[in-house]
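Chemist: Quick one: this structure, given as structure tokens, is what I'll be asking you about.
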Amino acid sequence: MSSPQNASVRGSNILSERDETFAPLSARRLLLLGGISLILTGMIFGDIFAIFVLHQNASGVGASLAAAAHAALAGDSTTVTNNFQAVGGFLENRGTKVDTHAHMIAFGYLALMLALLAPWMALSANTKRQLAWLFLCGAGLLPFCVFLIHYVGLAHSPLKSIGWASVFADLGGLFVIIALAGYFYGLVKHFLSGDRAAVQDPLLGSSSVAGQMLLAGGVFLVMLGFLHGSYYAAVDLYHHEALDYSILSQISMGAAEQNAVAVESGLAAYGQLQGEKAVNIAAHAHIIEFGLLSILLAFFQPYVDLREIWKRRWAFVLLLGSLLLPACVLLELKFGLIAGGLADMGGLFVIVALLAMWIGVLRYTGRLDMGDAA
């Protein structure tokens, strides 16, 4: 049996090993804090977009399509063109917001994965740090410039079809690609090295209740997402695709025959169909994304400097929100604003829990830096 003193010494050794990979301005520290920050910012932006833009935007698209259909019945080609241009503006506005939200969160996930793999990269600490800064700069620049595309447009651009916002978004993407190529080179160099030593990462050997909760809950969420996606593909996907064609044909024939009733019913059915497709895709994507987030966060719980009971509580809140949001998104068509409000509440749970973990990581880094200074 090991004595309490030996256990304490062993715990101190594990802590010191972990601290060596989490030194001030180390790649792992930058990527972990930056990755969680990107995910938090993307989720907050997504909640604001869902509450203040998404539904109003969808209403504008529907109203413009209806106005274009009625103008076609009346033979007013100018109004048809104007309304379709308005639809294009609404879709561009929505598309750039969705892309901003999705890219920011995706880059955050990627940063967490790179932080986990950092010890296996056969690069100098300085090179890994520089690549981390390059990655985070690109990961912030790309979604910010994508957000600006709708507002900047082609103003003062030297190119006919590409605006300045798109140019700088591509530059951000280039930064990310260069950083990823550098990290990939480091991984390949490590695994192809004939005399490589085995990497001992204490994060992978650590075990806590909060980490186990997040790991098990994340796997469960991913499994639910796959099951839902399989069910939707097998039961509804092809039916929805067939309805897409038939409803649009009905609208076209109604316009050609000057049948306003057929056009109105077709537009209503088309809006309902697009809503069903959107909520199923959103629920499928969100539950898998939250599952992956939980799995990644499970490995970094040793860096969350909170009391164990609070780490377990925040893990539970994150998993609860991760399940509540996609479940309520699926129910939005049936229960309307009530389900939408509960979905937003689920997103808020995830944001608050993630923010608490981020603060815990900051506390850990502060305590580590104070120890180094002493």
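The values are calculated or read from the model by the stated rules, or taken from the named source; none is laboratory data. Because the structure is a prediction, the values reported are computed rather than measured. We place every Cβ from the backbone using ideal geometry, glycine too, and count neighbours over all the protein chains shown. We work out accessible area using only protein heavy atoms, side chains counted, and drop any ligands, DNA or RNA first. Shrake-Rupley method; radii C 1.70, N 1.55, O 1.52, S 1.80 Å.
Chemist: Working with all protein chains in place, sort 171, 203 by solvent-accessible area computed with a 1.4 Å probe, largest first.
Modeler: Details: 171 60, 203 0 Å².
So the residues, ranked largest to smallest area, are 171, 203.
Chemist: Along the charge dipole of the chain, which of 59, 77, 34 sits closest to the positive end, that is, farthest toward it, with unit charges on the beta carbon of Lys, Arg, Asp and Glu (+1, +1, -1, -1)?
Modeler: It is 34, whose Cα lies furthest towards the positive end.
Chemist: How much FRET efficiency would the formula 1/(1 + (r/R0)^6) give for residue 359 and residue 78, where r is the Cβ-Cβ distance and R0 is 45 Å, rounded to 0.05?
Modeler: FRET efficiency, residue 359 to residue 78: 0.20.
Chemist: What nm value, rounded to one decimal, do you get for the distance between residue 257 and residue 102 when each label is placed 7 Å out toward the C-beta?
Modeler: Distance between label points: 3.8 nm.
Chemist: Still on this structure: Greater than 24 Å separation of Cα atoms is the criterion. Which listed pairs, 128/189; 97/334; 277/334, meet it?
Modeler: In this structure, 97/334 exceed 24 Å between Cα atoms.
Chemist: Considering only 364, 89, 187, whose Cα is most displaced toward the positive end of the charge dipole of the chain, charges sitting on Cβ of Lys, Arg (+1) and Asp, Glu (-1)?
Modeler: The residue sitting most towards the positive pole is 364.
Chemist: Roughly speaking, to the nearest percent, how much of the chain's 1.4 Å accessible area is carbon and sulfur?
Modeler: On the way: 13440 of 19430 Å².
Using a 1.4 Å probe with all protein chains present, the chain comes out at 69 percent carbon and sulfur.
Chemist: Here is a further query. Assuming R0 = 51 Å, what is the FRET efficiency of residue 52 and residue 193, from their Cβ-Cβ distance, to the nearest 0.05?
Modeler: Values: r = 52 Å, r/R0 = 1.03.
Using R0 = 51 Å, I get an efficiency of 0.45.
Chemist: Using 17 Å as the cut-off for backbone N distance, which residues of the range 295-328 belong to the label zone defined by a point 7 Å from the Cα of residue 335 along Cα→Cβ?
Modeler: Residues passing the 17 Å test: 320-328.
Chemist: Mind running the shape call on the range 202-308? Use the C-alpha gyration tensor, a ≥ b ≥ c as the square roots of the eigenvalues: rounded below 1.5 for a/c, prolate if a/b tops b/c, oblate otherwise.
Modeler: prolate
Chemist: Follow-up question, since we're still on this one. At R0 = 56 Å, how high is the FRET efficiency between residue 239 and residue 170 if r is their beta carbon distance? Nearest 0.05 is fine.
Modeler: 0.90
Chemist: Using a 10 Å Cβ count of at most 11 others and DSSP loop calls, identify the longest part of the chain lacking such trypsin sites (Lys or Arg not before Pro).
Modeler: Between the exposed loop sites, the longest stretch runs 1-159.
Chemist: If the chain between residue 126 and residue 276 were fully stretched, how many nm would it gain, using 0.36 nm times the residue separation less the Cα-Cα distance?
Modeler: Length gained, residue 126 through residue 276: 49.0 nm.
Chemist: A further question on this structure: Calculate, for the chain, the solvent-accessible area per residue in square angstrom, rolling a 1.4 angstrom probe over the heavy atoms of the protein chains.
Modeler: 52
Chemist: Another question, then. Suppose only helical runs count, i.e. DSSP H with n ≥ 4. What mean residue ellipticity at 222 nm does that imply for the chain under -39500 (n - 2.57) per run, divided by all residues and rounded to the nearest 500 deg cm²/dmol?
Modeler: Values: 13 runs with 309 residues, N = 374.
The helix-only estimate for the chain comes to -29000 deg cm²/dmol at 222 nm.
Chemist: Calculated from the structure, volume of the Cα convex hull per residue in Å³ equals which of (1) 143; (2) 187; (3) 127?
Modeler: Given (1) 143; (2) 187; (3) 127, the calculated one carries the label (2).
Chemist: Sum up the charges of everything whose Cβ sits under 14 Å from the Cβ of residue 270, counting Lys and Arg as +1 and Asp and Glu as -1, but leave residue 270 out.
Modeler: -3
Chemist: Can you work out ³J(HN,Hα) from phi for every residue in the range 348-357, in order, using Karplus 6.51 cos²θ - 1.76 cosθ + 1.60 and θ = phi - 60°, giving whole Hz and x for Gly and Pro?
Modeler: Taking θ as phi minus 60°, the curve returns 5, 4, 4, 5, 5, 5, 5, 5, 4, 5 Hz for the range 348-357.
Chemist: Points 7 angstrom from Cα along the Cβ direction at residue 264 and residue 248: gap in nanometres?
Modeler: Between residue 264 and residue 248, the label points sit 2.5 nm apart.
Chemist: Further question on the same structure: What does the charge add up to near residue 101, with Lys and Arg as +1, Asp and Glu as -1, over the other residues with Cβ less than 12 Å from its Cβ? Don't skip to the answer; put the middle values down first.
Modeler: Values: positive: 94, 97; negative: 47, 99, 289.
Overall, the nearby charge balance is -1.
Chemist: For a paramagnetic label modelled at 7 Å from the Cα of residue 184 toward its Cβ, which residues of the range 89-111 fall within the zone defined by backbone nitrogen distances under 19 Å?
Modeler: 106-111
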